[in-house]
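Trainee: Sending over a structure as structure tokens; questions will come in a sec.
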Amino acid sequence: MTMILRAVAVFSVLVLVESFTAPRCSRRGRIRRLQSSNEEDAQRLQEQAQQLRESIRKMEDEIGQERRSRFMSGDRNVDDGEDDIIPEGKSLKNKRVLIVGANGRLGSMITRHLLRTHPEVKEVVAAVHYVGQATTRGWGRLSYEVGAEDGKGSIGAAWAPEEERNASFQFDPEVMSGYNLNKLRIVEVELLDPVQVSTITEDVDAVIFAATDFEGNRPRAVASLNAAFLFRAVASPTKGRVEVEGVKNCIEGFLGNLSDRRYKERLEPARSSTAVATESEPTQFVLVSTAPGAFGEFETPFGEFNGIKRQGEYITMQGFPSLSYTVLQMGKFDDNFVEEGQELNFSDAEDDTEVVDGVIQSKRIENKEGTQLRINRRDAARAAVEALLDEGIEGKKVQVHTATRPTDVW
């Protein structure tokens, strides 16, 4: 706050200086008598004004870091009777993690991996994307991945009376004790509705955004004749894109709720006494995107596929100075010919963006080697979870892969 007030004060001085040096209408005789003196004063004040501008620019660069530290200070969670040991490095202990797109193929695997490898989390919130009154994919894949169907259950026969056709499962501690399903909460959300998105980001400490409007590089409304997406495309053609407006809604909701929570915590001195060090906080926002060359170009009414992905990346990286983030450009998903459990390879992403008529687009980069980065989805899920705690890739856009194969994009 002090730095912001300093910046405002310096800016006010700058305005006064420039207004003082502006030409004034006065009598011609007086101008002639004071012309030499005024020119010297004007030159001196203009130099001072330039120095002030440079100071303001430096302050603006520092304000982003100061605001982030201010947001991250204070109590993150009240420890429920456990010891208040501050972990070294980033930690998910007592953190609430939101997974956006949890009913998708990758999102459901991310949910499973997070629950089973990080039992120290406070809660995993699985956001199931839905359009209108129906989920876009149902809950079947998520239910299967997290192991909700591994318990003792029964399935009614198709020819049985209607009330007996249901499938039911009961928790089996011998099989499911390590699944940590007691820490899973499922919510439904329309990602293009800012109010709904703001609601699901309440009390969240970190977000993994794995939702998409696409099947490969084609819109789901076209690729799989998804009725929900097709209805939205026809009924609300200007509503937006999950990869762009959806990302923006999610970050705005997350940071807005975080700011409100910090304000309330400052009003409760007893809570702030158990503050957790900033260094232990996980990366706030992990965006799962697509590496250049993973898919070919595909034009949609809202823009070209790769360009839409780059717009979402730009919003994450440039739109919110106080946000800690990691952008993961995944290689092409290949679950058939790329084995899981391989070493994750991270490399700095090359810039393939260009601005055309004020719109961020993706420029095609010549693939001289004729190769393509690929990754098994389960390894991609592991990379997304690990990105929450990896200090080496925080604040970066990186490409992730486990194998290299001949390209299928020409």
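Trainee: If you go through the range 180-206 one residue at a time, how many are in contact (Cβ under 8 Å) with a residue 60 or more places away in the chain and open to solvent by less than 60 Å² (accessible area, probe 1.4 Å)?
Mentor: 13
Trainee: Out of curiosity, is Val189 in contact with a His (Cβ under 8 Å, 6 or more places away or on another chain), modelled with pLDDT of 85 or more and within 27 Å of Thr300 (Cα to Cα)?
Mentor: When the stated conditions are applied, Val189 passes them.
Trainee: Taking into account only those residues within the range 241-289 that are assigned to a loop (DSSP other than H, G, I, E, B) and acidic (Asp, Glu), which is modelled with the highest pLDDT? Steps first, please.
Mentor: Keep residues of the range 241-289 that are assigned to a loop (DSSP other than H, G, I, E, B), which gives 241, 267-268, 273-277, 281-284.
Now narrow it down to the ones that are acidic (Asp, Glu): 268, 281.
Numbers: Glu268: 74, Glu281: 92.
Only one residue tops the list, namely Glu281.
Trainee: Same structure, new question: Give the residues of the range 143-177 that are surrounded by 11 or more Cβ atoms within 10 Å (Cβ to Cβ) and among the aromatic types (Phe, Trp, Tyr), sorted by residue number.
Mentor: Result: Tyr144, Phe169, Phe171.
The values are calculated or read from the model by the stated rules, or taken from the named source; none is laboratory data. Given the structure is predicted, the values throughout are model-derived calculations rather than measurements. In this analysis, Cβ positions are derived from the backbone assuming ideal geometry, glycine residues included, and neighbour counts consider all displayed protein chains. Accessible surface is based on the protein model in full, side chains and every heavy atom, while ligands, DNA and RNA are left aside. Shrake-Rupley method; radii C 1.70, N 1.55, O 1.52, S 1.80 Å.
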